[in-house]
């Protein structure tokens with residue numbers, strides 16, 4: 001019991017004293033997950049828009065697959081990207097395995113299905129009358145899509161925030177693809193996993209508090225966005 | 001300019017329009033009247049190329065509306081629609097009204113100028129910064145009208161444009177419609193369930209009944225010369241009788257309706273089975289027989305029912321046949337009428353519209 005209390009006290013000290021290693025890991029986590037979320041948004045929102053506005057065979061099935069991938073285990077995404085990026089894999093020549101860029105790819109793979117799904121939900125939340133109104137005002141197909149996406153922007157932003165939450169909290173892909181290299185690919189989640197197994201409880205708790213604080217921030221942001 | 005040729009429209013199994021053929025000319029104010037749920041909105045959506053006919057064809061300036069997506073956009077950019085329930089997009093009133101101009105890549109100073117002009121036309125000066133989603137139904141309706149006018153359309157489609165408006169705003173919008181037609185020659189196509197509005201505005205009226213066209217004509221034809229029973233009921237011709245022409249003296253016919261003789265101007269020959277239509281407003285009541293009246297018909301009878309209708313009174317009278325009449329409350333009072341009173345119903349031979357029955 002004492003150990004845990006001590007851990008907490010030391011954790012607070014680490015945070016308050018702005019421990020350089022804690023700061024560095026936090027900054028890297030944020031950068032990698034923000035980058036992954038941004039890339040995922042650039043990919044997922046247009047795909048969501050395409051699926052929503054186009055009729056094609058197998059649409060229903062595709063949406064079901066996307067929804068299933070919401071729950072894609074992070075280690076499987078990690079394994080998949082690991083195989084892609086490994087020396088013998090199809091993208092091995094890029095030399096991205098065990099780099100932050102590789103981790104961005106892994107987290108992007110995790111976030112894209114979720115964000116496509118959220119985009120679909122957001123777009124179907126825009127009333128049909130608005131689409132009619134926009135089309136009858138003389139919008140071209142691309143102007144219509146853009147206007148409806150803008151109309152759904154707060155709901156889509158909600159999806160983006162949720163996607164960021166998934167990216168920053170996952171450990172499987174970051175561990176497998178990044179390799180948890182100190183000072184290079186070590187992020188909050190992988191650091192907690194390692195430090196805990198090494199018995200550095202205080203350090204783990206400090207990182208855990210920070211991770212929870214980020215989660216709290218994300219949730220608050222989501223709440224504020226949905227209030228709009 | 002707009003030509004429907006045997007147009008039918010179904011959504012899945014459900015047929016909403018059946019075999020419509022008519023033509024709308026450039027510069028007309030053309031009104032569709034009919035009960036709600038009879039497909040008036042679908043007609044406007046077909047003209048705006050939001051829908052395509054299931055069968056038949058729609059030509060705009062001689063060209064079929066089944067064209068590429070790009071050409072549909074070009075067609076739509078010549079028109080504007082005000083939907084029955086207009087939608088407000090996120091953002092303020094200015095942004096909502098500017099939308100059509102934005103899509104047409106209009107210069108921003110021009111947008112500024114035309115949006116404030118359009119807001120002025122509908123009486124919403126000073127609303128530019130208001131959040132569109134917080135407007136009342138009537139305000140939103142006027143924003144929608146401004147949004148439609150701002151692109152200076154050749155064809156303006158209005159679906160029940162004044163259904164949400166108070167009488168003052170309604171009058172304003174009706175005057176606006178008339179002045180657009182006069183000043184710019186805009187072709188205006190509107191749907192309404194308000195007969196009187198149809199009559200006030202329209203060059204021509206189409207009555208839509210049972211998913212198809214009941215009758216097309218000017219307001220006199222529609223209101224005084226209905227083609228059949230359904231149209232007559234729709235436009236408030238309450239007196240409809242079956243009869244037989246017993247004699248016809250140079251266009252002045254005597255028609256026997258269940259034993260009651262009525263004199264009407266018509267050309268149908270003796271022995272013809274006919275249907276007789278008369279508007280309730282065309283009957284006047286006399287307390288005693290009036291030798292001076294020019295009306296050919298004076299039928300004695302008893303008032304059986306009185307229903308006040310604002311400034312008017314609607315009455316049923318048993319004169320061998322049951323007549324429905326509407327007179328002003330003032331003349332009702334002056335004549336000292338009441339239920340059970342004995343009166344003469346007087347109406348002109350020319351007030352009666354006679355249609356020969358199909359064999």
Quiz item: Taking region B:65-110 on its own, what percent of its Cα-Cα pair distances exceed 18 Å?
Solution: 44 percent
Quiz item: So, in nm, how far is label residue B:184 from label residue B:1 when the simple model puts each one 7 Å beyond its Cα toward the Cβ?
Solution: 1.1 nm
Practice problem: Just the number, please: Stokes-Einstein D of region A:6-105 in µm²/s, Kirkwood Rh from C-alpha pairs, 20 °C, 1.002 mPa s. | Solution: 126 µm²/s
Quiz item: How big is the Cα convex hull of region A:2-227 in projection, averaged over all directions, in nm²?
Solution: 15.1 nm²
Practice problem: Grab the DSSP H runs of chain A that are 4 residues or longer, score each as -39,500 (n - 2.57), total them, divide by all residues and round the 222 nm result to the nearest 500 deg cm²/dmol. | Solution: -25000 deg cm²/dmol
Exercise. Please give the average number of partner chain Cβ atoms lying within 10 Å of the Cβ of each residue in B:78-89, rounded to a whole number.
Key: 4
Quiz item: Relative to the compact globular guide of 2.2 N^0.38 Å, what is the alpha carbon radius of gyration of region B:63-198, as a ratio?
Solution: 1.03
Exercise. Starting from the Cα-Cα distance between residue B:246 and residue B:331, subtract it from 0.36 nm times their residue separation and give me the gain in nm to one decimal.
Key: 27.2 nm
Self-check item: Order of B:277, B:344, A:70 under a 10 Å beta carbon neighbour criterion, fewest first
Solution: A:70, B:344, B:277
Quiz prompt | Selected from A:209, A:168, A:130 as most flexible by GNM, with chain A as the system and alpha-carbon contacts under 10 Å | solution = A:130
Quiz item: Averaged over peptide A:125-136, how many Cβ atoms belonging to another chain are found within 10 Å of each residue's Cβ?
Solution: 5
Practice problem: Could you work out the relative contact order of chain B, using alpha carbon pairs under 8 angstrom and six or more residues apart, expressed as a whole percent? | Solution: 15 percent
Quiz item: Most exposed first by the Cβ proxy, i.e. fewest other Cβ within 10 Å, how do B:154, B:117 rank?
Solution: B:117, B:154
Self-check item: Pairwise FRET efficiency - residue B:67 versus residue B:134, Cβ, R0 = 35 Å, nearest 0.05
Solution: 0.35
Practice problem: Report the relative contact order of region A:2-227, percent, no decimals, based on alpha-carbon pairs under 8 angstrom and at least 6 residues apart. | Solution: 33 percent
Exercise. Run the quick spin-label model on residue B:298 and residue A:43: label points 7 Å from Cα toward the beta carbon, then report their separation in nm to one decimal.
Key: 9.4 nm
Quiz item: On average, how many beta carbons from a partner chain sit within 10 Å of the beta carbon of a residue in A:137-147?
Solution: 6
Quiz item: Is region B:214-328 best put as rounded, prolate or oblate by its Cα gyration tensor, with a ≥ b ≥ c the root eigenvalues, rounded for a/c under 1.5, and otherwise prolate when a/b is larger than b/c, oblate when not?
Solution: oblate
Quiz item: Given springs between every Cα pair under 10 Å in a Gaussian network model of chain B, which of B:42, B:328, B:275 has the largest fluctuation?
Solution: B:328
Self-check item: Mean residue ellipticity (222 nm) of chain B, computed from DSSP H runs ≥ 4 via -39,500 (n - 2.57), nearest 500
Solution: -8000 deg cm²/dmol
Practice problem: Mind pulling up the Rg/Rh value for region B:250-308? Radius of gyration and Kirkwood radius, both on Cα. | Solution: 0.99
Practice problem: With springs connecting C-alpha atoms under 10 Å apart, model chain B as a Gaussian network and identify which of B:140, B:335, B:165 has the largest mean-square fluctuation. | Solution: B:335
Exercise. Treat the protein assembly as shown as a sphere of radius equal to its Kirkwood radius over Cα pairs and apply Stokes-Einstein at 25 °C in a medium of 0.890 mPa s; give the translational diffusion coefficient in µm²/s, rounded to a whole number.
Key: 82 µm²/s
Quiz item: Taking the alpha carbon gyration tensor of chain B, what are the square roots of 5 times its eigenvalues, largest first, to the nearest whole Å?
Solution: 46, 25, 16
Self-check item: Principal-axis tilt of helix A:20-53 within chain A, Cα atoms, nearest 10 degrees
Solution: 20 degrees
Practice problem: Treat the count of other C-beta atoms within 10 Å as a stand-in for reagent exposure and order B:284, A:156 from fewest to most. | Solution: B:284, A:156
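The numbers here are math on the coordinates, done by the rules we state, and not lab data. In this text the structure is predicted, and so the values were computed from the model without any measurement. All Cβ positions, even for glycine, are placed from backbone atoms using ideal geometry, and neighbour counts span all protein chains on display.
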